[in-house]
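> Mind looking over this structure? Questions follow.
Quick note: the coordinates plus some simple rules give every number you see, no bench work behind them. Everything quoted here is computed from the prediction, not taken from an experiment. Backbone-built Cβ (ideal geometry, glycine too); neighbour counts: all protein chains shown.
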Amino acid sequence: MSNASTSNDRDFKITVFPGDGIGLEVMDAAQAVLAAVQDKVGGFCLIHDLHDAGAGLYRDTGTALSEESIRAAEASDAILLGACGLPDVRYPDGTEIAPQIDLRFHFNLYAGLRPCKAIPNGPKALADPRADDIDFILIRESTEGLFAARGKGVVIEDREARDTMVITRDVSERLFDFAFNLATQRKAAGYPGKVTLIDKANVFSSMAFFRKIFDERAVNFPDIEAEYLYVDAAALNLVRNPWIYDVMVTENMFGDILSDQAAALVGGMGFAPSADIGDNMAVFQPAHGTAPDIAGKGWANPTAMIQSAAMMLDWLGSRHGVDACTEAGRLIDNAMEKAISGGLIRTYDAGGSDGTDKVAKTVIELLRSS
């Protein structure tokens, strides 16, 4: 792909990890779309720095994410990550290879954004006509909670296993401020301006502490409605009335589970983009897995990967004050929505027969004609 730029362009170095399985295929699609929108809009240049990561690399070299790749990522403006992991490649303790989690910890990417938005004429799990109004963002804390036990769990004499949940004030304050600031931005764009905390404060001290900090931070945002929901009730309501939510924020494990449930509402994991954002770095990747059973067949749905790339452009634009990036992200989202709502594409996972290349080509054609 072309990375040609003019003297007036703003250059951004993007560390790209295609990953495993269908990760490579959907990444190719996203890069093609990024090249097209860069040519369309101008004013910025994405310099792609390609590196290996994932289960295949671990199988071949004994490392899932090399020090060289980490140093490259540290020197970049953003990270674009494909799906990583293979079910038959695991660490000695039986856990899967997950460099995406390593990157979250390394860069302190505490705010995991999982958008859930219904697209007109797109796949939906609920028959209720109000399902067309689903448009919320679930923020999953991504560096602690129960995931803080990753690699630290203990098995005692083959009779008992223990993992520990960790909730810290520092991370929780930044997480909740992020959530309230996001709700403030969305309110200015016509959304309700509401943050829903999902916890289990009626049972766990850690969750009661989590809620206490939420209350403290909410005081600083008097124009935003703050409410609570126990995680079991949240699971129920995501099926019963998900269209009432705006911004939801929760602990790592709860968010891991509920974000997949949310994705099912609007077509499944192929339609689930994500971002993990910290104070100085962000990773953008589809929330789906590597689907080794269909890898190489051209069937993979690249929608989530392409939408994640659009999120990256929006983040770069906002962070660096480059309006061209923000506009490029908006154009990608609009083209993807038009492709789906107009019936121009229907992917295999949505009951159609359009593969990876067809989706990318359709979005690119819409970008060029916009």
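> Between N220, N252, N334, find the one with the highest GNM mean-square fluctuation for the chain; connect C-alpha pairs within less than 10 Å.
Maximum fluctuation in the GNM of the chain, among the listed residues, is at N220.
> Next up: Report, in order of residue number, the helices in the chain meeting two criteria: a C-alpha extent of 24 Å or more along the helix axis, and a mean Kyte-Doolittle hydropathy of at least 0.0; treat each whole DSSP H run as one helix.
In the chain, the long hydrophobic H runs are 23-41, 303-320.
> Does region 242-360 come out rounded, prolate or oblate, given a ≥ b ≥ c as the square roots of the eigenvalues of its C-alpha gyration tensor, rounded meaning a/c under 1.5 and, failing that, prolate meaning a/b above b/c?
Judged from the Cα gyration tensor, region 242-360 comes out oblate (a/c at least 1.5, b/c at or above a/b).
> Counting alpha carbon pairs within less than 8 Å and at least 6 residues apart, what relative contact order, in whole percent, applies to the chain?
Across the chain, relative contact order equals 22 percent.
> From the cross-link list K124/K338; K124/K297; K117/K194; K40/K361; K117/K338, which pairs have alpha carbons spaced over 18 Å apart?
Cα-Cα > 18 Å for K124/K297; rest within.
> Moving on to the next point. Is the shape of region 124-265 rounded, prolate or oblate, going by the alpha carbon gyration tensor and its root eigenvalues a ≥ b ≥ c, with a/c under 1.5 for rounded and a/b larger than b/c for prolate?
Since a/c reaches 1.5 but b/c is at least a/b, the shape of region 124-265 is classed as oblate.
> Given contacts defined as C-alpha pairs under 8 Å and at least six residues apart, what's the relative contact order of region 124-265, whole-number percent?
This gives 38 percent for region 124-265.
> Let me ask another. From the C-alpha coordinates alone, can you work out the Kirkwood hydrodynamic radius of the chain, in Å?
Taking the inverse mean of 1/r over all distinct Cα pairs, the chain comes out at 21.1 Å.
> For the chain, set up a Gaussian network in which alpha carbons nearer than 10 Å are linked by springs, and say which option among D293, D133, D215 fluctuates the most.
In the Gaussian network model the winner is D293.
> Kirkwood Rh and Cα-based Rg: tell me the resulting Rg over Rh for region 81-132, rounded to two decimals.
1.18
> For the chain, with the dipole built from +1 on Lys and Arg beta-carbon atoms and -1 on Asp and Glu ones, taken about the Cα centre, which of C325, L80, P120 lies farthest toward the positive end?
Farthest towards the positive pole: P120.
> Restricting attention to the alpha-carbon atoms of region 1-134, what are Rg (one decimal) and Dmax (integer), both in Å?
Cα radius of gyration and Dmax of region 1-134 are 18.0, 52 Å respectively.
> Top mean-square fluctuation among M253, M269, M312, Gaussian network model of the chain, C-alpha springs under 10 Å?
Highest fluctuation among the options: M253.
> Output the antiparallel fraction of DSSP beta bridges having both residues in the chain, as a percent to the nearest 5.
Of the beta bridges lying entirely in the chain, close to 40 percent run antiparallel.
> Would you mind counting up the charge near D256? Only other residues with Cβ under 14 Å from its Cβ, with Lys and Arg at +1 and Asp and Glu at -1.
Overall, the nearby charge balance is -3.
> Taking the beta-carbon count within 10 Å as an exposure proxy, list R217, R71 from fewest neighbours to most.
Going from least to most buried by this count: R71, R217.
> Can you show me the helix-derived [θ] at 222 nm for the chain, built from DSSP H runs with n ≥ 4 at -39,500 (n - 2.57) apiece and divided by the number of residues, rounded to the nearest 500.
Mean residue ellipticity at 222 nm (helix-derived): -13000 deg cm²/dmol.
> Right, another one. Considering only I167, L34, S205, whose Cα is most displaced toward the positive end of the charge dipole of the chain, charges sitting on Cβ of Lys, Arg (+1) and Asp, Glu (-1)?
The Cα lying farthest towards the positive end belongs to L34.
> What's the exposure ranking of V171, V37, going from fewest to most Cβ atoms within 10 Å?
V171, V37
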